[in-house]
1. Tell me, yes or no, whether segment 62-72 has at least one residue that is at pLDDT 95 or above, part of a loop (DSSP other than H, G, I, E, B), over 23 Å from the mean Cα position of the chain (by Cα) and outside the structural domain of residue 263 (by TED's automatic domain parsing).
2. Which one of 351, 344, 378, 404 is more than 19 Å from residue 231 (Cβ to Cβ) and in contact with a helix residue (DSSP H, G or I) (Cβ under 7 Å, 6 or more places away or on another chain)?
3. For the structure I just gave you, tell me whether residue 252 is free of Cβ contacts under 8 Å to residues at least 40 places away in the same chain and either in a helix (DSSP H, G or I) or crowded, with 16+ Cβ neighbours inside 10 Å (or both).
4. Within segment 225-237, which residues are in contact with a helix residue (DSSP H, G or I) (Cβ under 8 Å, 6 or more places away or on another chain) and either assigned to a strand (DSSP E or B) or within 11 Å of residue 366 (Cα to Cα) (or both)?
5. How many residues are surrounded by fewer than 18 Cβ atoms within 10 Å (Cβ to Cβ) and either in contact with a helix residue (DSSP H, G or I) (Cβ under 8 Å, 6 or more places away or on another chain) or in a helix (DSSP H, G or I) (or both) if we restrict to segment 184-199?
6. Return the only residue of 158, 181, 150 being surrounded by 17 or more Cβ atoms within 10 Å (Cβ to Cβ) and within 30 Å of residue 383 (Cβ to Cβ).
7. Check 31, 96 and return the single one that is touching a residue at least 60 places away in the same chain (Cβ under 8 Å) and in a helix (DSSP H, G or I).
8. Residue check: is residue 359 touching a residue at least 40 places away in the same chain (Cβ under 8 Å) and not in a helix (DSSP H, G or I)?
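The values are calculated or read from the model by the stated rules, or taken from the named source; none is laboratory data. For clarity, every value in this text was computed on a predicted model and none was experimentally measured. Quick reminder, even Gly has a Cβ in these numbers, built from the backbone with ideal geometry, and neighbours come from all protein chains shown.
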């Protein structure tokens, strides 16, 4: 989203990325429509997974690392650059920052969209994403690479205000390091593009006489508390409202990052414990970006379920609000999502504490959502302006300017 606005703030973006053909994950070709045609993009290959799988390696970051390093070396040696910006969840790629800083003297800024290292699953019975072996290897690699990467960064951007404290607790030497909290943004242009793209979904028909509520996104085990509390409230509601039980359809879409046979449903097993037959439908496959935006706009109401991890920040909150539909948000009381919803008045907010009983959370969902009847939020769009793609890019570019200025002062 920032690519469309960098030039407004006097920054010329040049993108270095891995060729989508090298990824095992599904491709979303519609995303290319959101990238300006005149942006310079360099794509590199990766070691073929058909070969690396023989030694148990499928990680795209590691497979592409030598190719990214070689192309980055070529670019940095052929022209003058002010900054390298790492905005990716392929964390091992960030290890190139110190390498390029030492060789070319170009400072780098990190963008942590998620924690690189996390103790969340330590001692937990919950299965981490990708399984315990993959999770353990990822953490082992992170412990080896992350210290130097964060120490030598000119600045660190995070999506959650909890992340700086996590990093400083792990690395006390970062106490003087600059951090900026910048959550994901939303773009009105993307919604406009979705409407004219004529990309339609097959999740439901808008004129079938039913009421359609939608949740679009991953539904992992750490969201179970918010999902269960919602189903508890829903069950008690439909028991007293047969017409609602007959007409209401709730769609969970794109609930698993895995593809094909590797994907598994996480919501329907929970639904089976409740008397909600025929109401809830789960599709693990993720929809293309523009199709998802159209789905949000076709829905009668939207649902957002948060994690029981207080540091959780749901990037989907911004397009959810921009869809201008009744919105129910169920998140931990310490999540940064709470402040966003409160300040923008973007939806109905139900919060919960870590050890709170499901029945107590469900009671608040009933009183604030089901008993009040879902209505469009009276969103404060002036307040929401600070979360738009253009505004966020302006803040990002201010970070870039400060990072390059400090580096220049140190060199001088």
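1. No: segment 62-72 contains no residue that is at pLDDT 95 or above, part of a loop (DSSP other than H, G, I, E, B), over 23 Å from the mean Cα position of the chain (by Cα) and outside the structural domain of residue 263 (by TED's automatic domain parsing).
2. Values: 351 fails: more than 19 Å from residue 231 (Cβ to Cβ); 378 fails: in contact with a helix residue (DSSP H, G or I) (Cβ under 7 Å, 6 or more places away or on another chain); 404 fails: in contact with a helix residue (DSSP H, G or I) (Cβ under 7 Å, 6 or more places away or on another chain).
Residue meeting the stated conditions: 344.
3. Taking the combined requirement at face value, the residue satisfies it.
4. 229, 230, 231, 232, 233, 234, 236, 237
5. First, the residues of segment 184-199 that are surrounded by fewer than 18 Cβ atoms within 10 Å (Cβ to Cβ): 184, 188-189, 192-193, 195-198.
Among the residues that remain, those that are also either in contact with a helix residue (DSSP H, G or I) (Cβ under 8 Å, 6 or more places away or on another chain) or in a helix (DSSP H, G or I) (or both) are: 184, 188-189, 192-193, 195-197.
Residues meeting the conditions: 8.
6. Going through 158, 181, 150 in turn, the sole match is 158.
7. On the way: 96 fails: touching a residue at least 60 places away in the same chain (Cβ under 8 Å).
When all the criteria are applied, what remains is 31.
8. Values: touching a residue at least 40 places away in the same chain (Cβ under 8 Å): yes; not in a helix (DSSP H, G or I): no.
Criteria not met by residue 359.
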